[in-house]
1. If Ile433 meets every condition in (1) over 21 Å from Asp349 (Cα atoms); (2) at pLDDT 95 or above apart from one, which number is that one?
2. Among the candidates Ala528, Ala474, which residue alone is of a type in the set (Gly, Ala, Ser) and modelled with pLDDT under 95?
3. Can you work out which of the residues in region 471-490 that are assigned to a helix (DSSP H, G or I), in contact (Cβ under 8 Å) with a residue 24 or more places away in the chain and not basic (Lys, Arg) is nearest to Ile451 (Cα to Cα)?
4. Look at Asp90 and say whether it is at pLDDT 90 or above and touching a His at 6+ places or on another chain (Cβ under 8 Å).
5. Got at least one residue in region 347-362 being buried (at least 24 other Cβ atoms within 10 Å of the Cβ), at positive phi and within 19 Å of the chain's Cα centre (by Cα)?
6. I'm trying to understand the selection: among the residues of region 312-346, which are polar (S, T, N, Q) and either crowded, with 24+ Cβ neighbours inside 10 Å or touching a Cys at 6+ places or on another chain (Cβ under 6 Å) (or both)?
7. Confirm whether Ile216 is buried (at least 18 other Cβ atoms within 10 Å of the Cβ), touching a helix residue (DSSP H, G or I) at 6+ places or on another chain (Cβ under 7 Å) and modelled with pLDDT of 95 or more.
Amino acid sequence: MGFIGRMFKWLLTLIVIGTVIGIFTNNKRQHIDERTTLLIHAHGPLTEKAAPDWEQLFEHETLPSLPALVTILKKAAHDQRISGVLLHVDSPEWGLAQVRELAPAFDILRTQGKWSIAYMDSGSEAGPSDLMMEVAMLADEIVMSPVGSIDLRGTAAHVPFIGNLLTRLKVDPYFDARKEFKSMPNTFTRSSMTPEQKQDLKQLVGDLQEELENNIASRRKIDINTVKKFYQQASLTAEEAKTAKLIDRTGYWDEVIDDIKLRTTVENVDLLDINGYAARIDDHNHEATHTMAFITAEGSIVTGNDDTGMADNVHAGVIQKALRDAREQKVSGVLLRVNSPGGSYVASDLMRREIELTRKAGIPVVVSMGNVAASGGYFIAMQSDHIFADPTTITGSIGVFSGTFATRRMLQDHLGVTFDSVQSTPKATAMGIDPLTPDEKADMAKSLDAIYADFVHKAAVGRRMTDEALEPLARGRVYTGRRAQSVGLVDTLGGISSAVAELKKRAKIPEDEVVNFTFFPEPPSPMALVREFLHPGSAQIFGPLFRAFTRDPMGMLQSKGALHMNPVWVTP
């Protein structure tokens, strides 16, 4: 690195350190006034993991992680300085299960006499209103600007197929899957859905639609048949939405602030951002005698280890170490939060093994499923002591696929690239640029058969079934949490709070006793990240930073390698 490069690096370091000190100093200087209103800006994604400190430094509007947000709201419910909560609903990118996870926290606010208002400029300016309504209905009262509208469209599954495109490009795909409902490879080999894929998705879409309709009917106290009609008609103006009881009243932001002035009897409304409030409270109970581990598996599952705390994927090494550390510290229990569509079979099994060892050590493990815990996500959950899922969680997909693309024809005919080679064995060029030979296809089939049988058997053991009883539930089928619970793949419908209660019960801790939860692995502090930046090998941090700033929460930019035979992937 040249002189200019070193100077730039040190200058950036000083800026970061100054920012950290400034934030910490500012937080310590400020206090919470009486009759303060807590502001939650529901915008963008809501992560399940403890927020990376780099993002907290450079993206001040980033919400705390979902578990932290729930804890903060519960704290606010019992904080006499907090009068109520203003929820600004502004294009959230939350999953249905995440929204439902927050509902009990808002219920506690309600029981403690705290008011809550949801405000949105419009429910349909940037797209359908379904998710906006789900978020807004967390609050007691919904206010929308007079020029806004509500457009409830319902659920749908749009699946892209590039089989024809690959044919035109002269790319030869070859994929094999176990079994007929394992539909991911269809995207590369077909131009439309198979009957099994359409059947699976039709059931899934129908179940999710039913959940949406029932939730609106329940939260807004509207007849279910009336709710169904909303999905069949054009968008509703603000006044029509008010008449239909989808919102409580119309008004602009300044009018909501005026209303809060009346509620709090203060001239200047003190809106305290949720992050600012979190920095001023102590979420550690110093009287608790029991500590439990909170481990989050969020993103696509891969092998390896990313210990910067900023990985967008679930690195098996990180989760393995977290479980080992939890055992060494003799925690009373482990709560594993899973929000993953799947990934590497090897990585999934390595984590499953650590869960098995944790239970053998006498430490109960309870799983709480988030928006999705499918295939590899289900694999790491299936041998826990108890599985909780939200009714809208996407889960199941017990199956496996693998494949490759032969690109010789494309490179030669379109780009004029030719190849010549020498090889030491007949298999040296397998899974390369040429179509698979019959022997290579047989090898792939043999591998997939073995993996599928292993998946089914381990799932059967975890669910206390025979292989014969579980196999019809597998075959790559995808379920909502509610349907998965009805067939025995999930134990109980509920969220993190329910999982905590179950974990305390299994750890023989009284229901009313408070426990401390510790995140494993612990998120790095800003100063630790600065030290990492100064380290000669600091280049490893820029990949995660890039993914954070390009909003690649599921790690899709990295997962393109999943299409190759090695590793074999278990995804929907």
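The values are calculated or read from the model by the stated rules, or taken from the named source; none is laboratory data. Note that this is a predicted model, so its numbers are computed, not measured. Positions of Cβ are backbone-derived with ideal geometry, glycine not excepted, and every protein chain shown enters the neighbour counts.
1. (2)
2. Ala528
3. Ranking the candidates gives Leu473 first.
4. On the way: at pLDDT 90 or above: yes; touching a His at 6+ places or on another chain (Cβ under 8 Å): yes.
Here the answer is yes, as Asp90 does meet what is asked.
5. Among the residues of region 347-362, not one is buried (at least 24 other Cβ atoms within 10 Å of the Cβ), at positive phi and within 19 Å of the chain's Cα centre (by Cα), which makes the answer no.
6. Across region 312-346, the qualifying residues are Asn313, Asn339, Ser340, Ser344.
7. On the way: buried (at least 18 other Cβ atoms within 10 Å of the Cβ): yes; touching a helix residue (DSSP H, G or I) at 6+ places or on another chain (Cβ under 7 Å): yes; modelled with pLDDT of 95 or more: yes.
Here the answer is yes, as Ile216 does meet what is asked.
For (1) touching a His at 6+ places or on another chain (Cβ under 8 Å); (2) within 30 Å of Pro438 (Cβ to Cβ); (3) of a type outside the set (Asp, Glu), each residue gets a yes or a no:
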{"residue": "Met137", "(1), (2), (3)": "no, no, yes"}
{"residue": "Val143", "(1), (2), (3)": "no, no, yes"}
{"residue": "Thr167", "(1), (2), (3)": "no, yes, yes"}
{"residue": "Asp172", "(1), (2), (3)": "no, yes, no"}
{"residue": "Asp176", "(1), (2), (3)": "no, yes, no"}
{"residue": "Ser183", "(1), (2), (3)": "no, yes, yes"}
{"residue": "Ser191", "(1), (2), (3)": "no, yes, yes"}
{"residue": "Gln197", "(1), (2), (3)": "no, yes, yes"}
{"residue": "Ile216", "(1), (2), (3)": "no, no, yes"}
